[in-house]
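A.B. asks: The structure under discussion is supplied below as structure tokens; questions concerning it will follow.
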Amino acid sequence: MRRTERTEGTERMERTDTPWRRGRTATERGAAVASPRPVSSSEDAPAPMPAGTEPGVDLRDVERETAMIRLFDGYHAQLVRLAVLLGAEQDAEDVVAEAFCVLHHRWYRLRAPEAAPAYLRSVVCNLVRMRIRRLQVSRRHADMEVSEIASAEATAMLHEDQRQVVDALKNLPTRQREALVLRYWMDLKEREIAESMGISTGAVKSHISRGMHALSRAMETHR
């Protein structure tokens, strides 16, 4: 993705090159299924325009674009890493770009701007889940193994000592894999994990416990 010069140590995107301003991708066409339903705290009608504001400009849209750019700068790399660990492989960047598109489209339905990071994680989890299901269907119909070639950038995001663990993670049930990645790689609390996965905290604890047990057995087998 094209970037402009560094400002105060942070790379800033040009507004005309943001992923949420691009054309719809194949992944995006499933966004209605992938995106959880945000909780709205206010009506979607535009706020009254202050005196002196240029006609045709909605200040809410300006604030949304500013917030989206800050979110991209702060969370893009983390979300790509999350998508890789969940099994998106070479599609990780497309999944994350799609998550930002979904957020941009549903921004005014968020209960608060502070809920945006959790919402992005939730969309990424759902999109990766959909991708894995599609791959499983393709494999059954084609009766052949789909090539698993990770992009150079996605592979570089994993440390060498993590690769064996990541390989073992791929064999876990989807929910267990998500819970472990969100807990031990993203360092989220159980409440945040529950929000991202759309389940209860009790279910999160169960998935983490079972996932750790299965992962430990898998690692013992590899030794």
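The values are calculated or read from the model by the stated rules, or taken from the named source; none is laboratory data. This is a predicted model, so every value here is computed, not measured. All Cβ positions, even for glycine, are placed from backbone atoms using ideal geometry, and neighbour counts span all protein chains on display.
A.B. asks: Looking at GLN162, is it within 28 Å of SER209 (Cα to Cα), surrounded by 13 or more Cβ atoms within 10 Å (Cβ to Cβ) and modelled with pLDDT of 80 or more?
C.D. replies: Spelling it out, it is not the case that GLN162 is within 28 Å of SER209 (Cα to Cα), surrounded by 13 or more Cβ atoms within 10 Å (Cβ to Cβ) and modelled with pLDDT of 80 or more.
For every residue, the table says whether it meets (1) assigned to a helix (DSSP H, G or I); (2) surrounded by 21 or more Cβ atoms within 10 Å (Cβ to Cβ); (3) touching a helix residue (DSSP H, G or I) at 6+ places or on another chain (Cβ under 8 Å); (4) free of Cβ contacts under 8 Å to residues at least 60 places away in the same chain.
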{"position": "THR66", "(1), (2), (3), (4)": "yes, no, no, yes"}
{"position": "PHE72", "(1), (2), (3), (4)": "yes, yes, yes, yes"}
{"position": "HIS76", "(1), (2), (3), (4)": "yes, no, yes, yes"}
{"position": "ASP91", "(1), (2), (3), (4)": "yes, yes, yes, no"}
{"position": "PHE100", "(1), (2), (3), (4)": "yes, yes, yes, no"}
{"position": "TYR108", "(1), (2), (3), (4)": "yes, no, yes, no"}
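A.B. asks: Another question, if that's okay. Looking only at the stretch 110-122, filter to residues that are assigned to a helix (DSSP H, G or I) and of a type outside the set (D, E, K, R); which one of those is nearest to ARG191 (Cα to Cα)?
C.D. replies: ALA118
A.B. asks: Give me the residue from the stretch 175-191 that is at pLDDT below 90 and buried (at least 16 other Cβ atoms within 10 Å of the Cβ) and, out of that set, farthest from ALA214 (Cα to Cα).
C.D. replies: The qualifying residue farthest from ALA214 (Cα to Cα) is MET186.
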